[in-house]
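Here's the structure, in structure tokens; my notes come after.
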Amino acid sequence: MAKPRAVKLLPDRNSDRPGNDPIFALNAQAQQRKAKGDAVINATVGALLEDDGTLAVLPTVIEALRQVPAQKAAGYAPIAGDAAFLEAVRKDLLGSSSLASIAVSAATPGGTGALRHAISTFTERGQSVVTSSYYWGPYQTIADEHERKVTTFAMFDEQGAFNVEAMKRTLDEVSASQGRLLVFLNDPCHNPTGYSMSTGEWEAVRDALVAVSKKVPTTVLADVAYLAFAKDTQGFLKYLEPIAEHGIVCFAWSGSKGFGLYGQRVGALIACTQDETQRSAVQRALTYACRGTWSNCNASGMEAVRRCLTDAELDPKVRGERARLTALLDRRVQAFNGAAKGTKLSYPRYDGGFFVTVFAKDPKGAMDKLIERGVFVVPGPGSLRVALCSVAEKDIASLVRALDECL
Ligand SMILES: Cc1ncc(COP(=O)(O)O)c(C=O)c1O
């Protein structure tokens with residue numbers, strides 16, 4: 001074997017990266033245990049599984065994917081994405097909101113690509129993106145990969161409500177120190193907590209963001225990865241509309257969950273601002289960023305989603321199939337809330353979405369005990385993330401009992 005060399009072949013930044021995403025590593029561990037014949041409840045996977053453990057798919061979407069013409073599938077898509085796909089997403093997402101007429105966009109590989117474009121386009125190197133203290137771990141990875149940082153505010157106050165005061169303080173601090181803001185809000189159905197803001201919370205968040213957008217260049221990104229599973233998919237837009245008067249409102253749209261197309265990597269960054277000159281600059285910057293990263297996105301995935309959104313026969317079929325999956329998920333949410341009543345589990349208001357987060361004093365210790373019992377969840381600071389999207393309804397009572405006994 002060659003001797004280790006004194007010279008580091010990798011630059012410092014990349015010389016000691018963690019090899020595997022911790023969630024994927026835990027999932028692999030759960031699967032190995034299952035393969036050995038152990039009884040396992042695997043609540044790590046961020047994908048919606050049927051109660052029999054297979055990936056939930058929307059048959060009409062899969063059929064549309066199969067029907068993509070060979071020439072379309074094999075050819076390059078336009079750099080910023082297929083125009084008809086982007087138009088369909090824009091209409092579906094923004095509907096009759098005033099944001100629809102002031103939107104520019106680019107196709108991205110999943111919502112992840114949209115988050116990546118937002119970080120690289122709307123912040124300078126070394127600057128921070130602001131988000132809540134509970135957040136999807138890859139925000140940090142993407143920021144780090146692009147030499148940016150994540151600055152957080154405490155997500156909940158003592159009453160368990162969204163902590164708007166903490167958000168305001170952080171907005172003030174970060175805007176004072178870096179002279180511009182990029183804020184990520186993952187709502188509705190926040191990952192990892194499952195929280196969706198109330199009307200009053202959205203109003204207070206809106207007021208704070210409008211105020212700060214008058215002081216420094218501000219971009220607010222709504223990460224809507226789970227929007228298709230929310231009770232109301234458009235009500236929150238009115239809180240974002242006034243922010244586009246001074247700043248930019250972005251959406252990280254994803255086809256992964258709503259169309260069950262995780263592996264096709266279909267997504268889009270939609271950016272809205274009233275200022276026409278800035279809007280054109282944003283469109284050019286996004287297109288440039290596409291060329292400078294993945295060049296162009298998956299033509300087949302975009303085409304299948306475009307058809308599902310615009311075809312008069314396919315669209316209602318897809319909505320019907322998705323409604324079945326939403327009901328499947330809702331039954332699990334109800335089973336969780338029901339089983340957790342009277343236990344010592346403490347968690348934010350949870351009325352829909354793929355995940356819930358249970359607060360834990362010693363998440364690592366609890367996780368070790370849970371793993372011994374064949375229960376796999378994802379530890380985070382002061383918490384355990386439970387992916388109900390991947391747990392059969394019949395296992396939820398045992399899952400809650402295990403959590404209650406191990407915390
Ligand atoms: C909060 C959040 N945002 C964005 C994404 C992006 O997903 P994708 O890149 O598959 O669209 C995910 C996926 O798990 C997520 O949980």
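The values are calculated or read from the model by the stated rules, or taken from the named source; none is laboratory data. Fair warning: this is a prediction, and the values are worked out from it, not measured in the lab. FYI the Cβ positions are ideal-geometry reconstructions off the backbone, even for glycines, and counts take in every protein chain you see.
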Task: Which numbered condition Thr287 misses (of (1) away from the ligand (no atom under 16 Å from the Cβ); (2) among the β-branched types (Val, Ile, Thr); (3) in a loop (DSSP other than H, G, I, E, B)) - done: (3)
Task: Qualifying residue in region 269-284 (condition: more than 15 Å from the ligand (Cβ to nearest atom), more than 23 Å from the chain's Cα centre (by Cα) and in a loop (DSSP other than H, G, I, E, B)) - done: yes
Open item on the list: Looking at (1) crowded, with 21+ Cβ neighbours inside 10 Å; (2) more than 16 Å from the ligand (Cβ to nearest atom); (3) not aromatic (Phe, Trp, Tyr), which one does Glu158 not meet, given that it meets all the others?
Closed with: (1)
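Restricting attention to region 202-225, does a residue exist that is more than 22 Å from Ser120 (Cα to Cα), out of contact with any Ser or Thr (no Cβ under 7 Å at 6 or more places or on another chain) and touching a residue at least 60 places away in the same chain (Cβ under 8 Å)?
We begin by selecting, within region 202-225, every residue more than 22 Å from Ser120 (Cα to Cα); these are 202-208, 210-211, 214.
So of that shortlist, the ones also out of contact with any Ser or Thr (no Cβ under 7 Å at 6 or more places or on another chain) come out as 202-208, 210-211, 214.
So of that shortlist, the ones also touching a residue at least 60 places away in the same chain (Cβ under 8 Å) come out as none.
Checked against the condition, which is being more than 22 Å from Ser120 (Cα to Cα), out of contact with any Ser or Thr (no Cβ under 7 Å at 6 or more places or on another chain) and touching a residue at least 60 places away in the same chain (Cβ under 8 Å), region 202-225 yields no hits at all.
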- [ ] Within region 269-286, count every residue that is surrounded by fewer than 17 Cβ atoms within 10 Å (Cβ to Cβ) and within 22 Å of Ala225 (Cα to Cα).
- [x] 1
Open item on the list: When you scan region 290-298, do you find a residue that is under 19 Å from Ala397 (Cβ atoms) and of a type outside the set (Lys, Arg), even just one?
Closed with: no
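Being assigned to a helix (DSSP H, G or I) and more than 16 Å from the ligand (Cβ to nearest atom) narrows it down to one residue among Ala73, Ala77; which is it?
Numbers: Ala77 fails: assigned to a helix (DSSP H, G or I).
The unique qualifying residue is Ala73.
Table: residues versus (1) in the same structural domain as Asp395 (by TED's automatic domain parsing); (2) within 24 Å of the chain's Cα centre (by Cα); (3) in a helix (DSSP H, G or I); (4) closer than 19 Å to Leu384 by Cα.
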| position | (1), (2), (3), (4) |
| --- | --- |
| Leu9 | no, no, no, no |
| Arg13 | no, no, yes, no |
| Phe24 | yes, yes, yes, yes |
| Ala30 | yes, yes, yes, yes |
| Arg33 | yes, no, yes, no |
| Asp38 | yes, no, no, no |
| Thr44 | yes, yes, no, yes |
Open item on the list: Quick check on my filter: what residues within region 46-82 are among the polar types (S, T, N, Q) and over 25 Å from the mean Cα position of the chain (by Cα)?
Closed with: Gln67, Gln71
Open item on the list: Just checking: which of the strands (runs of 3 or more DSSP E) contained wholly in region 113-187 hold 3 or more residues that are touching a residue at least 40 places away in the same chain (Cβ under 8 Å)?
Closed with: 128-132, 181-185
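Name every residue in region 346-389 that is among the polar types (S, T, N, Q) and part of a loop (DSSP other than H, G, I, E, B), in order of residue number. It would help to see each step written out before you state the result.
So in region 346-389, the residues among the polar types (S, T, N, Q) come out as 346, 357, 383.
Passing the criteria: only Ser346.
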Open item on the list: Among the listed residues Asp232, Asp207, identify the single one that is out of contact with any helix residue (DSSP H, G or I) (no Cβ under 8 Å at 6 or more places or on another chain), part of a loop (DSSP other than H, G, I, E, B) and outside the structural domain of Phe336 (by TED's automatic domain parsing).
Closed with: Asp232
Open item on the list: So, in region 54-66, how many residues would count as being in a loop (DSSP other than H, G, I, E, B) and surrounded by 12 or more Cβ atoms within 10 Å (Cβ to Cβ)?
Closed with: 3
Open item on the list: Taking the condition of being away from the ligand (no atom under 16 Å from the Cβ) and either more than 20 Å from Ala114 (Cα to Cα) or at pLDDT 95 or above (or both), how many residues in region 233-256 meet it?
Closed with: 14
Task: When residues of region 348-397 are limited to those that are touching a Gly at 6+ places or on another chain (Cβ under 9 Å) and over 22 Å from Pro188 (Cα atoms), the one surrounded by the fewest Cβ atoms within 10 Å (Cβ to Cβ) - done: Lys361
TODO: Go through (1) among the aliphatic types (A, V, I, L, M); (2) more than 30 Å from Leu58 (Cα to Cα); (3) in contact (Cβ under 8 Å) with a residue 24 or more places away in the chain; (4) out of contact with any Lys or Arg (no Cβ under 8 Å at 6 or more places or on another chain) and name the single condition Leu240 misses.
DONE: (4)
TODO: Determine whether region 216-225 contains at least one residue that is surrounded by fewer than 21 Cβ atoms within 10 Å (Cβ to Cβ), of a type in the set (Gly, Ala, Ser) and either within 16 Å of Leu181 (Cβ to Cβ) or away from the ligand (no atom under 16 Å from the Cβ) (or both).
DONE: no
- [ ] Being aromatic (Phe, Trp, Tyr) and away from the ligand (no atom under 15 Å from the Cβ) narrows it down to one of Phe122, Phe85, so name that one.
- [x] Phe122
- [ ] Inspect region 302-314 for any residue being of a type in the set (A, V, I, L, M, F, W, C), surrounded by fewer than 14 Cβ atoms within 10 Å (Cβ to Cβ) and not in a helix (DSSP H, G or I) and give the result as yes or no.
- [x] yes
TODO: Give the residue that is nearest to the ligand (Cβ to nearest atom), with candidates limited to residues of region 24-46 that are more than 19 Å from Ser398 (Cα to Cα) and surrounded by fewer than 16 Cβ atoms within 10 Å (Cβ to Cβ).
DONE: Phe24
